[in-house]
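Asker: The following block contains the structure, expressed as structure tokens.
The values are calculated or read from the model by the stated rules, or taken from the named source; none is laboratory data. Note that the structure is predicted; figures quoted are calculated from it, not measured. Methodologically, a virtual Cβ is constructed for each residue, glycine included, from the backbone with ideal geometry; neighbour enumeration extends over all protein chains shown.
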Amino acid sequence: MGFNRARRFLISGLTTIIAESDLTELSRDLYSILGISKTASADEIRKAYRKKAKELHPDLHPDDEAKANAFKEASAAFEILSDSEKRSKYDQGLIDADGNPTGYAGAGAGGFGGGFGGHAHGGGSFQGDPFEDILAGMFGGQRRRPGPRKGADLRYRVDISFEDAVQGAKRQMTMGDGKALNVSIPPGIETGQVLRLKSQGQQSTSGGPPGDALLEVYVRPSKVWARDGSDLRMTVPVPLETAVLGGSVDVSTPGGPVTLKVPEGSNTGTVLRLRGKGVQFKDKPGHLYVRLEISLKDPKDAGLKEWASKR
């Protein structure tokens, strides 16, 4: 049996074995993990992930390992599918479900194509043609030496303030292992998203590039603002006289205090908009919506009682 014929025979046999096996690593599909179709829009991907994060986040299920693992899978799926370049590579079979290069460009995502290209848990990938390596021994040939592999990725969990998530920021953060990293936080980031810091992982042991640092983000909730997509919402107390006669009140925003003009004749429940004071997306910043709530400085004020009794 010639080398090429044996190679085809081996590929055929291994394909059959893989097709009949129950290896979940070879059947992971990022779209299925998020419960969306392969034609889903960027907005549909984001909404599906937010739903999964609310259902599965470890902070809501501290003792549920199954939900914790499902949350990690959903976060990893979102990291790739929310990035148009990575999504395109995944759809073409150029990278696998973990974002590592596959051994067979053009193979279908989540299927056989990512199987033998494979990935090491430390972040590296196998080099060369695995079938030639196997057949080399059968026909007395020399096994090709693997090329340098990328170092392992390091995963961390980081807490950031609500203000930094809304405004964006540059911070130096100290990780749990003592490593200090300079982190650029993009405005609009949400709990569960992963920041990838290139070449900040483990050094390669075979002369390849370093791995990456993967930072899973947790946004601390705010007692002042609530996020609604790209917008923020809050409630502000307003003195009765200001609501009746009109005036202004100071309002806290994530970017600092501003003065809000209150129209004459405002009432509890009136909502005013501060344009551009929401999530600071570069292309289109969101707004801050302020709900007024009338407050009495002194409910027992004699003049107020007299005014009310005459009505």
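Asker: For region 51-79, give me the residue count where each residue is under 14 Å from Arg28 (Cβ atoms) and surrounded by fewer than 21 Cβ atoms within 10 Å (Cβ to Cβ).
Answerer: 5
Asker: Pick from Arg144, Arg157: which is at pLDDT below 95 and either in a strand (DSSP E or B) or in contact with a Phe, Trp or Tyr (Cβ under 6 Å, 6 or more places away or on another chain) (or both)?
Answerer: Arg157
Asker: Oh, and also: Working only within region 254-268, note down all residues that are at negative phi and assigned to a strand (DSSP E or B).
Answerer: Pro257, Val258, Thr259, Leu260, Lys261, Val262 - these are the residues of region 254-268 that are at negative phi and assigned to a strand (DSSP E or B).
Asker: Whether any residue in region 265-276 is among the charged types (D, E, K, R) and at pLDDT below 95 is what I want to check.
Answerer: Step one: filter region 265-276 for residues among the charged types (D, E, K, R), giving 273, 275.
From the residues that got through so far, the ones that are at pLDDT below 95 too are none.
Among the residues of region 265-276, not one is among the charged types (D, E, K, R) and at pLDDT below 95, which makes the answer no.
Asker: Additional query: Check Lys277, Lys297 and return the single one that is touching a residue at least 40 places away in the same chain (Cβ under 8 Å) and either exposed (fewer than 15 other Cβ atoms within 10 Å of the Cβ) or of a type in the set (Gly, Ala, Ser) (or both).
Answerer: Lys297
For every residue, the table says whether it meets (1) assigned to a strand (DSSP E or B); (2) closer than 26 Å to Leu272 by Cα; (3) in contact with a Lys or Arg (Cβ under 9 Å, 6 or more places away or on another chain).
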{"position": "Arg196", "(1), (2), (3)": "yes, no, no"}
{"position": "Ser199", "(1), (2), (3)": "no, no, no"}
{"position": "Gln203", "(1), (2), (3)": "no, no, no"}
{"position": "Gly207", "(1), (2), (3)": "no, no, yes"}
{"position": "Gly211", "(1), (2), (3)": "no, no, yes"}
{"position": "Val217", "(1), (2), (3)": "yes, no, yes"}
{"position": "Val224", "(1), (2), (3)": "no, yes, no"}
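Asker: Which one of these does Gln193 not meet: (1) under 27 Å from Ala68 (Cβ atoms); (2) surrounded by fewer than 16 Cβ atoms within 10 Å (Cβ to Cβ)?
Answerer: Unmet condition: (2).
Asker: Limited to region 238-253, what total is found for residues that are over 41 Å from the mean Cα position of the chain (by Cα) and without any contact (Cβ under 8 Å) to a residue 12 or more places away in the chain?
Answerer: The qualifying residues number 1.
Asker: Looking at (1) over 30 Å from Ile189 (Cα atoms); (2) modelled with pLDDT of 95 or more; (3) in contact with a Leu (Cβ under 7 Å, 6 or more places away or on another chain), which is the only condition Leu260 fails?
Answerer: The one condition Leu260 does not meet is (1).
Asker: Follow-up. Kindly provide the set of residues from region 179-194 that are in a loop (DSSP other than H, G, I, E, B) and touching a residue at least 40 places away in the same chain (Cβ under 8 Å), ordered by number. Working first, answer last.
Answerer: Step one: of region 179-194, the residues in a loop (DSSP other than H, G, I, E, B) are 179, 186-193.
Residues satisfying the conditions are Pro187, Gly188, Glu190, Thr191, Gly192, Gln193.
Asker: For Val244, work out the one condition from (1) modelled with pLDDT under 95; (2) assigned to a loop (DSSP other than H, G, I, E, B) it doesn't fulfil.
Answerer: In the conditions (1) modelled with pLDDT under 95; (2) assigned to a loop (DSSP other than H, G, I, E, B), Val244 misses (2) alone.
Asker: Is at least one residue of region 164-178 in a strand (DSSP E or B), among the hydroxyl-bearing types (Ser, Thr, Tyr) and touching a Gly at 6+ places or on another chain (Cβ under 8 Å)?
Answerer: So the first thing to find is which residues in region 164-178 are in a strand (DSSP E or B), and the list is 169-174.
If we keep only those that are among the hydroxyl-bearing types (Ser, Thr, Tyr) too, we end up with 174.
Keeping just the survivors that are touching a Gly at 6+ places or on another chain (Cβ under 8 Å) gives none.
Looking for residues that are in a strand (DSSP E or B), among the hydroxyl-bearing types (Ser, Thr, Tyr) and touching a Gly at 6+ places or on another chain (Cβ under 8 Å), one finds none in region 164-178, hence no.
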